[in-house]
Structures are given as structure tokens and as C-alpha cells.
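The next block holds one structure in the form of C-alpha cells; read it before the comments.
What follows draws every value from the coordinates through simple rules; no lab data is involved. Quick caveat, the model's predicted, so the values are computed rather than measured. A quick note on method: Cβ atoms are made from the backbone with ideal geometry, for glycine too, and the neighbour counts reach across all protein chains shown.
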Amino acid sequence: MKNRLTGLVFATLLLMNCIPSAHLFGKATAAVESKKTENGEAKDAENPEGVLWIVMIVVLIIWAGLAGLLVRIDMKTRKIEKRLDAQ
Amino acid sequence: MINIFRIVYILMPLTVVLAFQWAPGAEILGDTSRIIYFHVPAAWASVLSFLVAGTASIGYLFDDKKKRARLADVSHNSCIIGMVLIVLTTVTGSIWAKMSWGSFWNWDPRETSIVFLLLVYSAYFSLRSALGRKERGSRISSAYLVLAMFTVPFFVFMVPRIYPSLHPAPLINPEKKLFLDDKMRITLAFSLVSFTLLYFYILSLMNRISAIEARMVINRNEK
């Protein structure tokens, strides 16, 4: 159970950290390209502020998944603790 | 007993909202600077977890009554979380490095020191799996963790200050100034608290699971 907890926490945290990083990385690359091509306005239009909202919602959904997992493990652990106490 | 670390359930989403909507992007880096709210707290939590692991190991080594044998489990669990967080720090740092400096890896003093830390703590896991969880093995592993703990301040705080680094001026610098906007500073503080609480919450869960495993072994032996 501990290994599963570690693995799942790692996977979700990695997603939670890398999705914004990867998105912002893409944005930075686009900005560099726009400077190179001197077509900044066209590139900026492809990256509206709304995208930041979408990324935020994705990160929040991933966090909800991690939180749900932690609550589930917490409840399961408490159940086993009670069973052991009763023995 | 109410677990206060559960505040993280509310605090983490709040941090995400602050990081993406409230805090402004930095002057030169723009939106890419928002990685700071994930990269720095992950690094801080990994340092904290290694310090907790070392401190718990000291407690285990100097405990004559052997009543606190669980401290070995605490230090091991803290190390596991620390490794997870340090890998996250490296991954997010590499992505940020590509954006800011044009390459995923630059052998910057801070990047190099994190590789050394990864190696130091990877060696701990090899050592522990080779020696096992019995008394002698646990004592040697704990002694190693105490030694490893003393390398953390050297690699994290001293090396980047000795050698010139590509990283921006650290938060605590010779001028004693914080080069951050007020909103960015507050968001970073929220993020640091959230990651710290998340670390302690996961650690408490892992410790409870370790205690259950230990009790189950005792019950099995009694039968």
C-alpha cells in the first residue's frame, strides 16, 4: 500500500508540476519564434489568456484526483487501525 | 485526533488559483515565471524532508531504550518523499532552464549540486535494501542518513553561493532584498506552506501504514 501511495503521489505531482511547466514552455518557445519571425501579434493571438484558465483547471482536476486518493488511503488506513485495535 | 495537515486540501487549490490568476508574470520572463510556485516549494519540501530524515535518524541512533524504533521508519519514509520531490524539482527546473537559458541542462552549480544530492540519497536506498530492516542494518542506514543530512546545507545553500551561477539571486542574498513583486511573494509563501503541509500529511500517512505493517508482523509472529 505504501509503494502504491508513493507511486501514485509521484505520478500526480509530476503531472501537476509538468503540465503548467510544459504549457509555459510552449508559450515561451512561441514567443521566441514570434520574435524571430517578427510576427509577434499573430503568435500572441494563438495564446489567449483563456489558455491560462484551462491549464489552471487541468491542474485543479489533477489535484482533486490526488486529494481523492489521499482521502481514500487515509480512510482505509483508519479502518485497518481500528480492526487491529479491536483484536 | 484531527489531522491539521488536512488543511492542504483547501490550501493547495487556493495556491494554484493564486499562481495562475492573481500573481502577475515577472517582468522579463513573463508567464514562464509561474513555474517558481511549483519549482521552489518542491525544492524546499525536499530539503525539509531530508532534514527530518536526518533528525529522526539521530533520534533513533541515540535512543538507548529502543522504544523509538519507529524513528527508523519515519526517516525512511521521509527520504522516499524527499526523493520524489527532488526529482520533481529537477524536472521542473530543467524545463525552466530550457526556457530561460536555452538548454535543459547547463551544469550550473545548483544543477550539479542537485545531481550530487540525488546520488547521495539513491545510495541510501541501495544501502538499506542491501542491509535490511533488522537492528544492525537500520543503525548503519540511520548513520548514513545523518552523514547525508550534513551534505544538504552544503549542496543547497553553500555551493551556489561559492561559484557563479546562472540562477537568479537567491531570496536571501548579500543585499538582503527580496526581488519579487508583493503578489508574487504572497503566492510563493502560500505555495511553500501548501507543499510543506502536503509533505507532512503524506509523511503522517506513510508512518501510519508502516506502524500497521509492524503490528501485523508482531501479530503473525505471536500466532
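A few remarks follow.
- Set of region A:56-87 residues, backbone N closer than 17 Å to the point 7 Å along the Cα-Cβ line of residue B:218: A:80-87
- Segment residue A:54-residue A:80, length gained on full extension (0.36 nm per residue, minus Cα span): 5.4 nm
- Cβ-defined net charge surrounding residue B:53, 13 Å radius [Lys, Arg +1; Asp, Glu -1]: 0
- Net dipole in debye of region B:31-83 [+1 Lys, Arg Cβ; -1 Asp, Glu Cβ; about Cα centre; nearest 20]: 260 debye
- Tilt relative to chain B, helix B:8-17 - C-alpha long axis, 0 to 90 degrees, to 10: 20 degrees
- Global geometry of chain B, whether rounded, prolate or oblate, following the gyration tensor of its Cα atoms and the 1.5 cut on a/c: prolate
- Residues of region B:76-118 falling in the label zone of residue B:157, defined by backbone nitrogen less than 20 Å from a point 7 Å along Cα to beta-carbon, are B:79, B:82-83, B:86, B:109-118.
- Annotation: extensible slack from residue B:122 through residue B:63 equals 18.6 nm (criterion: 0.36 nm per residue apart, minus Cα-Cα distance).
- Radius 14 Å from Cβ of residue B:132, net charge of other residues (Lys, Arg +1; Asp, Glu -1): +3
- Counted residue by residue at 0.36 nm each, then reduced by the alpha carbon distance between them, the extension gain from residue B:51 to residue B:185 reaches 45.8 nm.
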